[in-house]
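Q: Before I ask anything, here is the structure I am working with.
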Amino acid sequence: MKRKTNKALSVLLSAIMLVSVFTIALPETTSVQAETTGTNFTYSLDGDNAVITGYTGTEKDVIVPDTIDGHKITGIDEFAFFMNYGITSIALPESVESIGDYAFFHCTMLRDVTFQGNTLSFIGTSAFEGCQYISEITLPDSISEIGERAFLGCTSLKNVTTGKTVDKVGAYAFGYARNTSNWNYERVSMTVNGYSGTAAETYCSEYGVTFNSLGQGNAAPDDSGKLPEEELDIPVLNFTDFNNYTDSDNSTLDIRDVIFGNTKDYTANTTATYTDPETGLSFDVYANLKLQGNSSMSYPKKNFTVKFYEDEAFDRKYKVELQDGWGKENKYVLKANYMDHSHSRNVLGAKLWGQIVHSREDTYQQLLDAPNGGAIDGYPVKVYINGKYEGLYTLNVPKDDWQFAMGDGEKEALLAGESHDGSCNFTQPGRYDESDWTIEYPDPDEEDVTWVINSFNNVINFVSLSDDQQFKELFSNYLDYDSCIDYYVYMLFICGTDNWEKNMLMATYDGQQWFPSVYDMDSTFGIYWNGGHYNTIDWMLTHEYMGPDHGTNSLLWERVYNNFYDDIAARYAELRDTVLSEKNFVKTLNDYIGDISKEAFDRDLEIYGGIPSSSTSDPNQIINYTLERINYLDEQFGYEIEQPDDPLKENLKEAIDKANLIETDKYTATSVAYFQQELSYAEDIYNSAVSTSDEILAAKKGLDKAMSLLISADNENCLDLAKIPQSSLTAVAASYQNGEDGSKAIDGNTTTIWHSNYSGGNMPVISENGTDNYITITVNDESISNVAAISYLPRTDKNTNGVITQYKLMYSTEADGENFVDVPGGNGIWADNKDEKLCIFSIPVEAKRIRLYATATLGDTPNRFISASEINLFTTDTTALNSAVQTASKIEADGYTEESYSAMKAELEKAMEILSTPSAYQTDINNACITLNTAVANLEEAASGITKEELRTLLDSAEAIDASVYTKTSREALEKAIAEANSVYDNSSAAQDEINTAYQNLKSAVDGLRYYLGDVNHSGKITVMDATLTQIYITNSSAVEIDTALADLDNNSKIQIDDVSIIQMMAARIITSNDDGSVNL
């Protein structure tokens, strides 16, 4: 791990696995392998502690021990489990303090991660990136730093819990994935459970991720107050004025005024200070700066050739070896990388090419002796001019004889392609005047280069004039075969859109056989030549890509492809096992530029602005694009990597098998239609060889949901969802074409459509977080309590423009405003056909408005338009339940047993609660109806006559009543009824009619108890307190509880101040009550 381990001791198996014929310039390491609990690990030593560098076991559930061979395990090294498709769970011991960069990168089957103890403090860059099945992560309280993109692309991750001491969270650490249509970052819904005041909260605020506070944290975000470049621990070049520069008016000029011009004629003599904090190399020299490169002239950030000198006369060269293996030289190139915000493509591509050259079994010794196999090489530096920061650059080897270790032979030459046509395409002899080829070595101004021109024209003539047989047989007389095959494979891998003729080097060591090499690789790894966007994954599989782009073909590469395809495919397979493996590719990039933060990259945007690749170019985009590119090339060349069964597909298959056992004739039509829609989609996804994990997850989720929402139809009271009449709806689209507005989607006419604007104006942006990509449907019928589903009929003509394939639903409980929230279960994928689609909500919503968002659509240009023929909304049908409730409510208890009547009343209450709950689903409504009707049918008639035991029970209840609080009339009636009932009860010869009458009279007397009007607190007396309570109630009805029926003294159905006055007079005995509780006013 860059930050936590001794890299000099890293294990060889944690780097690329090499075959015996493959040699590559990687550090020599010592590998230590141990077996613990039947699981194999490789590790390196950091002092006496061990750092896990690799896993060689086959277990799916991996438990990392706390010691290995007697050494305490304190870390998981960078790339240790890189793209391990076999592991499904990992448990890390308490002893682990750090997890390195890319440690579990794209472990696509990994589901569970357990952090034991409270020691882990650091998680590196992209450590768990692409672990798509992890759903929850609980980090130990000891975590202090989470690296950039640590959990990027963990699309199933819904909850991350962090501790109190998190002081640093890197860019896009979680809550984001890559959009594979443009490779930009895209939000993923998730929640961070963390502590207020920590970097976790700061990150969520900055990146729009939901944050749930668990309390106050102990660590503030790490903010040193330093500028991003000041945090970078990379070499520094500072140029300072040496000469006094003046313009035509003799005004003093800064060095920047001289060198940031727009022609190659500008040059400046300066002093320079170089400092490398890692190696300790530092020197002060004189330096000459000169603008370099043609394209750079028009950019605000320039490329420079830098030459170091010992003396102020600039006579004695200062030669220095800046990197091991480069040799001592005084001339270098400062590459601005203006078109490539990542500062990665040029040097990354060169490093990979250098590794390819070294991988050959037999090649030129000079190439092996050259700094990087004949490719440029470089590293990032910070550049200052007069102490002012000018941005990130790369300090590169120049394209000259030094790059190729030339200078000792008589027939050594180097050409650079400058054009996309003519001789650079090997179709006609060259001019060699920098309009097609530039002779970089030998110097045409100092030596006779006629032999160079003649020799290379011989190559062009051979390519353009030979037949296929001659081309095959004589190829090696003119061109180095291995180099050409490698160049073709390499250009396919890096998607080198601008390097097949222009920006290609051709070199020779003997004046006869020429070989290609690489330089100026800004337009590689997917980016378009102008930095504005990404090319598609299948871009430039063969030479044919050049036709539409440049209007010409490279004849050389066309013939190489047509005549040597089998060797190209074989070499591709060899390199995929070594240099072009995913691990070596990512590791090469990370070793080169992995220490530079997003903030440091973005400083260039502040300084220069207008950088065309600012949204299309960071190192992680390069990685994700290239991984997809590799998958595509593997398929084209038939290269296969054995992978275990995908548990996601197995889970989907289990759901499909379960679904196919369902007898659909037992369920309602709407729910079956939705179920069959989701089952069909799930089967298509399962049978597809290219379905993504997101598609598999969505299919499984959709099918499970559809099965759970099936509505039983095995009873006459089982109703289906009811379609809301379109006459009760209005529809307004955020974007529409004149004559094709939102109302066309609810007009009942399948030949008319709503279509988004396509002739200017507010055209929609169709994505998860798009704009104007929705239609809002308002329910105008107040009697409709909820919306439970939506149907969508695509346009019925032959056109597919705007057909919705991915959607999101939101709702509002109000008739206007923008207070919309997500519909439960209201997002998903619809098959790309013209069938009517459904979405039944997981829970019906109490909605005034439903908003349908299109997040993906079909068309000649996908995701550009939206269209709909018809849209319908559905509500739950409570007709049968309402009828059952009305019937049950009219049933009196008399004549039924107490047990059966109580059971019926309980079901009635449940049914009424269901009716009052807008979120009740149709199945709940139907079940409530069936259960209530069953309870009514099960009512049992009571036996005739009242028993003495029942009379005694009622007597006990009546005698326990405090009758003093009731009116005189009702109190006397109760006393009389109690006396009569006691008399009957004590009479052993009482007839049944007497018992029944006594029981009924007593029950009527109890039910007839009444309070005095004005006694609002049931105290039995009318006092000032009753007036005061009534006064408070009028002011704030929720402040007190009173019997409102007793407060309406004037019987006008309102409680007013007049009633208070009457109560006050009653309390003062000015107005008196009658015995029956009434009042004479």
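Q: Would you list which lysines come within 22 Å of K1003, measuring only between C-alpha atoms, while excluding same-chain residues fewer than 8 positions from it?
A: K890, K905, K948, K968, K976
Q: I would also like to ask the following. Count charges around D421 for me, please; just the other residues with Cβ under 11 Å from its Cβ, Lys/Arg as +1, Asp/Glu as -1. Each step should come with its number before you reach the end.
A: Values: positive: K502; negative: E418, D436, E501.
That works out to -2.
Q: What is the dipole size for the stretch 546-642, taken about its Cα centre, with +1 at each Lys and Arg Cβ and -1 at each Asp and Glu Cβ, in debye to the nearest 20?
A: Working: 8 positive and 19 negative charges, 43 e Å.
Charge dipole, the stretch 546-642, about its Cα centre: 200 debye, nearest 20.
Q: Cα convex hull of the stretch 706-795: mean projected area in nm², to one decimal? Could the numbers behind the result be given before it?
A: Working: hull surface 33.9 nm².
Taking a quarter of the hull surface, the average projection is 8.5 nm².
Q: Distance between Cα centroids, the stretch 556-609 to the stretch 61-85: provide it in whole Å.
A: 28 Å
Q: Sticking with this structure for a sec: Charges on Cβ only, +1 for Lys and Arg, -1 for Asp and Glu, centred on the Cα centroid of the chain; of S342, T240, H755, which one is farthest towards the dipole's positive end?
A: The residue sitting farthest along the positive end of the dipole is H755.
Q: Another question, if that's okay. So what are the radius of gyration and Dmax for the Cα set of the stretch 647-708, in Å?
A: Using the Cα atoms of the stretch 647-708, the pair Rg, Dmax is 11.3, 35 Å.
Q: I've got another one for you. How much length is gained if the chain between Q1056 and E892 is pulled fully straight, taking 0.36 nm per residue apart and subtracting their Cα-Cα distance, in nm to one decimal?
A: Gain in length upon complete extension: 55.4 nm.
Q: How long, wide and thick is the stretch 722-877, going by the Cα atoms along their three principal axes, in whole angstroms, largest first?
A: Principal extents (Cα only, largest first): 41, 30, 28 Å.
Q: For the stretch 663-745, what's the radius of gyration and Dmax over Cα atoms, in angstrom?
A: Final numbers for Rg and Dmax: 17.7, 49 Å.
Q: Hey, got the dipole for the chain? About the Cα centre, +1 on K and R Cβ, -1 on D and E Cβ, debye to the nearest 20?
A: Dipole of the chain, to the nearest 20 debye: 1180 debye.
Q: With Cβ to Cβ distances under 14 Å as the rule, what net charge do the other residues near S213 carry (K, R +1; D, E -1)? Show your work: numbers first, answer last.
A: On the way: positive: K164; negative: E201.
Neighbourhood net charge equals 0.
Q: Can you give the translational diffusion coefficient of the stretch 827-945 in µm²/s, computed by Stokes-Einstein from the Kirkwood radius over Cα pairs at 10 °C and 1.306 mPa s?
A: Numbers: Rh = 17.9 Å.
Approximately 89 µm²/s, per Stokes-Einstein.
Q: I want to check the label-to-label distance for I63 and D567. Put each point 7 Å from Cα in the C-beta direction and report it in nm to one decimal.
A: 5.5 nm
Q: While we're looking at this one, here's another question. Fewest first, what order do D324, D510 take by the number of other Cβ atoms within 10 Å?
A: The most exposed by this proxy come first: D324, D510.
Q: While we're here: Per DSSP H run of n ≥ 4, the term is -39500 (n - 2.57); total these for the chain, divide by its residue number, and report the mean residue ellipticity at 222 nm rounded to 500 deg cm²/dmol. Each step should come with its number before you reach the end.
A: Values: 25 runs with 316 residues, N = 1081.
-9000 deg cm²/dmol, from helical runs alone.
Q: Let me ask you something else. Taking every DSSP beta bridge with both residues inside the chain, roughly what % is antiparallel (nearest 5)? Provide the component values of the computation, followed by the final result.
A: On the way: 113 of 148 bridges.
Bridges in the chain that DSSP calls antiparallel: roughly 75 percent.
Q: Quick one: Cα centre-to-centre distance for the stretch 848-904 and the stretch 761-779, in angstrom?
A: Here the answer is 27 Å between Cα centres.
Q: For K60, which aspartates and glutamates qualify as cross-link partners when the Cα separation must be under 13 Å and same-chain residues fewer than eight apart are set aside?
A: Reachable aspartates and glutamates: D112, D645, D646.
Q: I've got another one for you. Taking K72 as the anchor, which lysines have their alpha carbon closer than 20 Å to its alpha carbon, excluding any fewer than eight residues away along the same chain?
A: Counting by Cα, and skipping residues close in sequence, K72 has these lysines nearby: K2, K4, K7.
Q: Here's another thing I want to ask about it. Could you line up M763, M109 from fewest to most neighbouring Cβ atoms inside 10 Å? Could the numbers behind the result be given before it?
A: Working: M763 18, M109 21.
Neighbour counts put them in this order, fewest first: M763, M109.
Q: Could you estimate the translational diffusion coefficient of the stretch 46-202 from the Stokes-Einstein equation, with Rh from the Kirkwood formula over C-alpha pairs, at 20 °C and 1.002 mPa s, in whole µm²/s?
A: On the way: Rh = 15.5 Å.
After rounding, the answer is 138 µm²/s.
Q: List the pairs from K701/K723; K666/K700; K158/K798; K723/K910 whose alpha-carbon separation is above 30 Å, in the order I gave them.
A: On the way: K701/K723 25 Å; K666/K700 23 Å; K158/K798 40 Å; K723/K910 26 Å.
Exceeds cut-off: K158/K798.
Q: Kirkwood Rh over alpha-carbon pairs of the stretch 983-1077, then Stokes-Einstein at 37 °C and 0.692 mPa s: what D in µm² s⁻¹, rounded to an integer? Write out the running numbers ahead of the final one.
A: Values: Rh = 15.4 Å.
It diffuses with D of about 214 µm²/s by this estimate.
Q: To the nearest 20 Debye, how big is the dipole of the stretch 897-945 about its Cα centre, given +1 on the beta carbon of each Lys and Arg and -1 on that of each Asp and Glu? Intermediate values should be presented prior to the final figure.
A: On the way: 2 positive and 8 negative charges, 37 e Å.
With Lys and Arg at +1 and Asp and Glu at -1, about 180 debye.
No lab work stands behind these numbers, since they all come straight from the coordinates. Since this is a predicted model, take the numbers as computed values, not measurements. Counting neighbours? That spans all protein chains shown, and the Cβs are built from the backbone with ideal geometry, glycine included.
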